[in-house]
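Working notes for the structure below.
The values are calculated or read from the model by the stated rules, or taken from the named source; none is laboratory data. Computed from a prediction, not measured in an experiment: that's the story for all the values here. Note that each Cβ is placed from the backbone with ideal geometry, even for glycine, and that neighbours are counted across all protein chains shown.
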Amino acid sequence: MSRYSFSPDGIVTIKKRQSLKPRKIPQQSRAEQTVAAILEAAARILETKGLEGLNTNLVAQRAGFSIGSLYQYFPGKDALIVALCQRERAVFFAEAEGALSEATGEAALRRLITASVHQQLRRPTLARLLDFEEGRPAIAKELAPFITAMSGLIRQILAHEDIPPQPDDEIAADDIIAIVRALVDAAGYRGEADRADLECRVRRAVFGYLGIADRQPVKPRTRR
């Protein structure tokens, strides 16, 4: 894909947009280890220097590879960010899929919420920065398959007999994704660290939306 650039003298040039996809997929163990090291180096730089401090030269140096080795797999900074988002989402999805092994829909939702909170607070700085980047349309487009997969997972949970019937399961699944993400992301931005409290609040919001009575005791509010 290309974009136009205008110079002060009115000359129009066409610049090719940098791809957000990896240049090649590692096929051997050594190549997989190289990519893993590059992505972890990028993650650690994000956590210590932020988005402004992330660049491909620094990532290659931190990972212990030449810049040429990095460019074999990633065409640029944004491709690294997309790959990091995909890595973190894959970890989360693997944990979230465990919800399908639960006997009831309520238990599955609890497990899904626990996974969501754990993902946000496991590496909170990294999660906050990637959340911000995921809002960019080009990056969101690359991550769209994850949302589709999550929606499908939640619809399987909603099919349990103990979950009140919803007018439209597809809309309900998308709403649940939005509710969980909004609450968990907001907690991440505030720097919260109490997983149990956050899980309780997210559960109350999701259960309330679905018409499920949350039988867990609510923590008393701290008076100020």
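Some observations on this one:
- Filter result (surrounded by 20 or more Cβ atoms within 10 Å (Cβ to Cβ) and more than 23 Å from the chain's Cα centre (by Cα)) within region 29-69: A60
- Cβ separations smaller than 7 Å between residues 6+ apart or across chains give the following pairs from region 71-99 residues that are without any contact (Cβ under 8 Å) to a residue 24 or more places away in the chain to residues that are assigned to a helix (DSSP H, G or I): K77/T56; G98/R111.
- Set E32, E106, E52: member being modelled with pLDDT of 95 or more, assigned to a helix (DSSP H, G or I) and among the acidic types (D, E): E106
- Sole exception among (1) part of a helix (DSSP H, G or I); (2) charged (D, E, K, R); (3) at pLDDT below 90 for R215, by number: (1)
- Enumeration of residues in region 154-170 that are within 21 Å of F93 (Cβ to Cβ) and surrounded by fewer than 17 Cβ atoms within 10 Å (Cβ to Cβ): R155, Q156, A159, H160, E170
- The condition of being of a type outside the set (K, R), surrounded by 16 or more Cβ atoms within 10 Å (Cβ to Cβ), assigned by TED's automatic domain parsing to the domain that holds R204 and more than 23 Å from K77 (Cβ to Cβ) holds for only one of I113, I147, that being I113.
- Residue selected from region 134-158 under the condition touching a residue at least 60 places away in the same chain (Cβ under 8 Å) and under 10 Å from the mean Cα position of the chain (by Cα), by the criterion nearest to R204 (Cα to Cα): F146
- All of T114, T125 fail the test of being in contact with a Ser or Thr (Cβ under 9 Å, 6 or more places away or on another chain), of a type in the set (S, T, Y) and in contact (Cβ under 8 Å) with a residue 40 or more places away in the chain, apart from T125.
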